[in-house]
Every structure is written in structure tokens, then in C-alpha cells.
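What follows is one structure encoded as C-alpha cells, with my remarks underneath.
The values are calculated or read from the model by the stated rules, or taken from the named source; none is laboratory data. Treat the numbers as computed from the prediction; the structure is a model and nothing was measured. Reconstructed Cβ throughout: ideal geometry from the backbone, glycine too, with neighbour counts over all protein chains shown.
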There are 2 protein chains.
Amino acid sequence: MTAPPSDRRVTRADVARLAGVSTAVVSYALNDGPRPVAEATKQRVLEAVRLLGYRPNATARALKLGSTSQIGLVVPGVSNPFFAWLTDRIEAQARARGLATVVMNSADSGVLEVVTRIASLQLDGVLIANEVTRGDLLRMENSETSVVLLNQPTEIAGIRSVIVDRYAGAFEAVSHLIGHGHQRIAYTGPADPEEARRRGWSDALAVADLPADLTLRTEYSRDAGLAAATELLEMPGPPTAVFAASDEIASGILLGLHQHGLSTPDDVALISFDGTEEMRYARPPVTSVTQPVDDMVRCAFDLLGPDMAVGAVRLVPQLAIRSSCGCGPSLPQKAVRS
Amino acid sequence: MTAPPSDRRVTRADVARLAGVSTAVVSYALNDGPRPVAEATKQRVLEAVRLLGYRPNATARALKLGSTSQIGLVVPGVSNPFFAWLTDRIEAQARARGLATVVMNSADSGVLEVVTRIASLQLDGVLIANEVTRGDLLRMENSETSVVLLNQPTEIAGIRSVIVDRYAGAFEAVSHLIGHGHQRIAYTGPADPEEARRRGWSDALAVADLPADLTLRTEYSRDAGLAAATELLEMPGPPTAVFAASDEIASGILLGLHQHGLSTPDDVALISFDGTEEMRYARPPVTSVTQPVDDMVRCAFDLLGPDMAVGAVRLVPQLAIRSSCGCGPSLPQKAVRS
């Protein structure tokens, strides 16, 4: 069998021929269903995908002449400060490339409905900031639109993704709290055992021979963080430090601790995840695992280009150290009046 | 002269005929330039506009069959929490009507360039959240796109606008601070004498026979607010209360006051303008003039409809009273640990 001529796009049929399977099996293998595929077959398909440079969602239209000159952005909620930041940078990057940005918020309708609707717009590409499953992506299978996942915790075979290593960020944050002498460190956020931030938290504790027994499932909102503060303090053997999975949760926890008459970091230290600007202005300023938003956006646009192979770019977030962890001044630095 | 047949759109030529002027003079009168128009002529043009129901930016395409099913949104910066909130609500309202939202941020390129670019997209309508001048709108004159200004301090003749009465909001906020016994109340924000929030501040002080001598020009950012705190305290006869023109400014001032060893509201009280969610979680929670975002967005979409006359909808913001003004508890409410 020969490779397809270089002047036409690689199709699913090419992959099927090279792997010696039907086109349906290629789809099942890449999308992890709906029918099962034997592991050896799946590996053969993935090898063919790699060899041919096949992209399940055709990218050839992206950025070419005659395009709509628009890209789509699916986000779980623009008013969340992290997604506002991400939306702001994506729009700027798109505009610099002569593209307009169509924003769709999946908060009310759910990601499936929004992804289906945005796929129907025939855009030059779609960036998805929601966490999605292979099943969600199946819905875009027949679309001509190329897709990049830019806020994905783990790779999905055959889909171009920007992955922020949340595990590494969480591990560093919790190790930092351990370095401050904390032994009772709670985790608040999504509580799924597969959740990377939770795993980073528990592994950092395990390395230090500390128990990972303080987990609190918390939605991504300030109100949920406020309620979480009370729940954390009512736990048996309450925490002396908290790692929050988002800045919004941390914002609520900070107010909640204060309402309980507790001081941060002296009574309960805090590190959050996202690193939005607001955390620099919190009281005290909150130490945060900071998402590499500019890099995420640049990589996502690179992946949208027609020449990029299927694959994932992995970025590591940085810990921005401020006062809420116990570093730096927790008291005012100077007084001009008294 | 007869009115034009009701089954075709009113044009600028119709207005010119009824007013007895050239079409160029209609444009000059409505756009306040580039050439001067005698006041009596201008009034005749505005009367003709009113009588004929003329809209300078043709609305007939809006929301009709064969449209692009997209609306545009021009904002000065999505990462500003107020504009993030506004963008979130506009996207939701658009999606509920089957429309996708194209967002363009004017922060880097300036409103003129962005308005020109978005006009070229042939959208069903454009909402502009920037404050614009008649001159800016001239650039969209030949576009088929209907425009609604949804964050405008004052009306522009012939342009549909949602106007939030910032003057009334500021007046109420400053009167509230006066009610708490403050006599030295500063204003920080845009310092243009025409600025509605500044006028509301100075008029509230004038009504109470208090001097309006503490004005600090401050950009809309947290960093500017942080710097403003120091400048305010260095003023001769420094303020005991501050009215900030935005939540971002207030966020910076709050941290700045704290860094100077001052307590809010006991040493310096604070009221801000916007009412974003973050202010509920500030320490102390910040009393804010709250923008009626849901009403602004609903009215803006109503004005986009083809049957709406040119005109302005005026909305009054509400004062959300929290602790930073001196109301409510400024100390923690309860302590579960000590």
C-alpha cells in the first residue's frame, strides 16, 4: 500500500486501509466507542493515524482563503474570572490574525448542545475550554471544523489538545504548604478520584507520609467556597491549610474563614488554582497555581493551523507565591495614619 | 410632501426632503460633524427623524430570514469583571434567540478600528459596550448593521441606546456616605467634568453644603486603584470616605488602605460602582452601585428588533448596601475557634 498523494487531505478511509480495518472501526478506536475495539486493533489504528498525519476533524479549511474568518470558543461561563481571562486572550490572539471570535457559553445548555450548535456555523476552527469526553467529540465527527481542546486535563487520542499539568501544579502547591510545617491539609474542588488536582494533593501528602483524609467536594463558585469554609472547620481534626481547586472557591473560603474569626495564613493557610488577577488583590494576597494562559492560547492557535499534527502540547503551571500560604508579610507593611 | 410608502425603509433622503436640507446636512446634524450645522437646521432634521422613524443604521436586516444569525459585541476588555458579566449575559440572551455572539475587544486596537472591523462582518446587529462618540458612529454609517449602544452615559441623537443613569447612582452613593456623617468624601475615576459619576458626587456634596475638593483621576484598573489609595491619603485634609467609579478601582483602593494600616470602613469608608459579584466577597464586602445588567441586556435586544423606534432606554442602578460604607457588621460575626 502506498501513502496517499501529498496534495490531498488524509481521510479516515486512508487510515482504515493502512490499518486494515473498516472506517467505522477507525472511528470507534479514535473515539473510544460507541462499540468496543480490541487493544491491538486500536494500536494499529493509532499507528496509522500517526504515520499518515490524519486529523479526525479536517483542518484543511482552517485559516485558508474563502474561510469564514471566524473561530469559535466554547467556555463553561464567561463571568468566571479564569474563563474571562482566557476569553480575553483568545479574542486578542484571534484579532491579531484577522479572525473574529464567536463565543458560546455552555453553562446553561450543556457542552453537547453548544458544541453541536457551534459546529453548524462552519467556522475556521473551534477552541473548546470545557473539559470534554470522547463521546462529546463524536458529535463533531462529520463537521468540517477543526477542533482544539485548550483546557483539557488529559489527552484524547486523535484530538489536538493543550494540556495544563494540573497534577504538577497541585503537587507543588501542597508540597509548599507541607514546607510551611502543615500536616492537616484539606483539598476542596472536584472530588473525582481521577481529578488531577486531587491526585497532586494526595500524592504530595503521601510523599511526606501525611494522611490525605480531608477532601471536600466543592462546585466552582464563590458561594460554594463560602459554604466549604464552614464544612472544613467542622471536620474532625480540621485543617490548618487548604488547597482550593479554583480561585472562585478560594475567594469564598477566604471570606468564610474571616467570618469565623480566623486569620489567613496564621489560623488556616490557603493556596488556590488559576492565578487570576483578583488573587493579587485579595486580603491577604492569595498564593496561586497560575495557569499559563498566554502560552495555552498561543499553542492552541498553533494547533489550529493546517500543518500541525494531531497531538497534545503539555504546559506546566507556575506557583505564584504571595501571603496566604504563610510566605511574605501577613501584617500591613506600613502605616501612614494610626 | 407626503410620507414615504410604509412598505419600504425610511432613508436619509426622506429625512433630507422633509427637513428641506441635503442628505449631507442630515449626516452632519445627526453625527455632530464633520461640518457645523446651525442649531435651527439641526432641530429641523431631528424633528424629521422623529416624524419618519428614521434610523441611521438600517435595522431592517436585523433578526430577519437570511441573516447571519450572529450579533456582534464590542467591549473595552472581557477580563474586566463588569464586562465579563455583561458579555456572559449577552451571550446567554443571544443564544436563547438562536444567535451566536461575535465578541471583539477594543482594548488594544481602539474602538474605531474594532467597530469598523465588526461592521464588515455583516452581522444582524452590533451591541457596543464602549462609550462612543457621534464621530465613532459615522464610521458605521454605510453599514447595513443595526447598532445599539448599551453602556452609554448619555443619548446620541438618532442612535438607539441603553443608558444607565450613573449620575443618579453616584448621587445616591455619596448621599449615603454623607448620611454616615462623612464630610471629606473623595471621588476617584474618570475626571472629565462631564463625567456623570463625578457630577453625581459633586452635586450630592453641594446639596449637603460640603466641599467637592477631593478628585483623583484614576484609570479603570486594580493597579490604578492601589496607587490611588496612597495618593488619597497624601492629600491635604485626606478623605474619610471614597466613592470609586468602578469595582476594579475599589479593589485596588481596599488593598492599598489595608497596606497603609487603615481599616475599612472605620478609618476610610468606601462605595464602588458596578456591583460585580467579587464585591460581595471582598473584605469587607463592598457597598456598590449595581449596574442593572440583566435589564440592560434585555432592553438592548429589544432595541435591536426591527420594529423599535430610534430612542434611548434609561435605567437606574441600585445601591447594594454591604459593610464598606459603615453599614452592617465590620467585625466578624462569629468565631468557632479562637
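Is there a residue in segment A:217-230 that is surrounded by fewer than 24 Cβ atoms within 10 Å (Cβ to Cβ), assigned to a loop (DSSP other than H, G, I, E, B) and within 12 Å of another protein chain (Cβ to nearest Cβ)? So far as segment A:217-230 goes, yes, one or more of its residues are surrounded by fewer than 24 Cβ atoms within 10 Å (Cβ to Cβ), assigned to a loop (DSSP other than H, G, I, E, B) and within 12 Å of another protein chain (Cβ to nearest Cβ). Only a single item in (1) within 7 Å of chain A (Cβ to nearest Cβ); (2) part of a loop (DSSP other than H, G, I, E, B) is not met by B:Asp88, and it is number (2).
Could you check, for segment A:114-135, whether at least one of its residues is surrounded by 21 or more Cβ atoms within 10 Å (Cβ to Cβ), within 11 Å of chain B (Cβ to nearest Cβ) and farther than 29 Å from B:Glu278 by Cα? Yes, some residue in segment A:114-135 is surrounded by 21 or more Cβ atoms within 10 Å (Cβ to Cβ), within 11 Å of chain B (Cβ to nearest Cβ) and farther than 29 Å from B:Glu278 by Cα.
Select, from B:Val115, B:Val102, the only residue that is in contact with a helix residue (DSSP H, G or I) (Cβ under 8 Å, 6 or more places away or on another chain), modelled with pLDDT under 90, closer than 20 Å to B:Ser69 by Cα and hydrophobic (A, V, I, L, M, F, W, C).
Numbers: B:Val102 fails: modelled with pLDDT under 90.
Unique residue meeting the criteria: B:Val115.
The set of residues in segment A:91-107 that are of a type outside the set (Val, Ile, Thr), facing another protein chain (nearest Cβ under 8 Å) and over 15 Å from B:Trp85 (Cα atoms) comprises A:Glu91, A:Ala92, A:Arg95, A:Ala100.
Residues considered: A:Ile185, A:Ile163, A:Ile159. Of these, the only one that is of a type in the set (Val, Ile, Thr) and over 24 Å from A:Ala320 (Cα atoms) is A:Ile159.
Scanning segment A:231-278 for residues that are surrounded by fewer than 24 Cβ atoms within 10 Å (Cβ to Cβ), farther than 26 Å from B:Glu248 by Cα and in contact (Cβ under 8 Å) with a residue 60 or more places away in the chain yields a single hit, A:Asp266. Within the option set A:Val293, A:Val286, being farther than 25 Å from A:Met235 by Cβ, within 13 Å of chain B (Cβ to nearest Cβ) and among the aliphatic types (A, V, I, L, M) holds for one residue only, A:Val293. The one condition from (1) away from chain A (no Cβ under 14 Å); (2) surrounded by 18 or more Cβ atoms within 10 Å (Cβ to Cβ); (3) not in a helix (DSSP H, G or I); (4) not β-branched (Val, Ile, Thr) that B:Arg199 does not meet is (3).
What do you reckon, is B:Leu150 closer than 24 Å to B:Asp192 by Cβ, more than 13 Å from chain A (Cβ to nearest Cβ), outside any helix (DSSP H, G or I) and not basic (Lys, Arg)? In short, yes.
Is it true that some residue in segment B:243-264 is within 26 Å of B:Asp165 (Cβ to Cβ), part of a loop (DSSP other than H, G, I, E, B), over 21 Å from the mean Cα position of the chain (by Cα) and not polar (S, T, N, Q)? So that I can check it myself, show each step before the final result.
Step one: list which residues in segment B:243-264 are within 26 Å of B:Asp165 (Cβ to Cβ), which gives B:243-254.
In the following step, the residues that additionally are part of a loop (DSSP other than H, G, I, E, B) were identified as B:245-246.
Adding the requirement that they be over 21 Å from the mean Cα position of the chain (by Cα) leaves none.
No, segment B:243-264 contains no residue that is within 26 Å of B:Asp165 (Cβ to Cβ), part of a loop (DSSP other than H, G, I, E, B), over 21 Å from the mean Cα position of the chain (by Cα) and not polar (S, T, N, Q).
Only one entry in A:Ala191, A:Ala157, A:Ala170 is in a helix (DSSP H, G or I) and within 21 Å of the chain's Cα centre (by Cα), namely A:Ala170.
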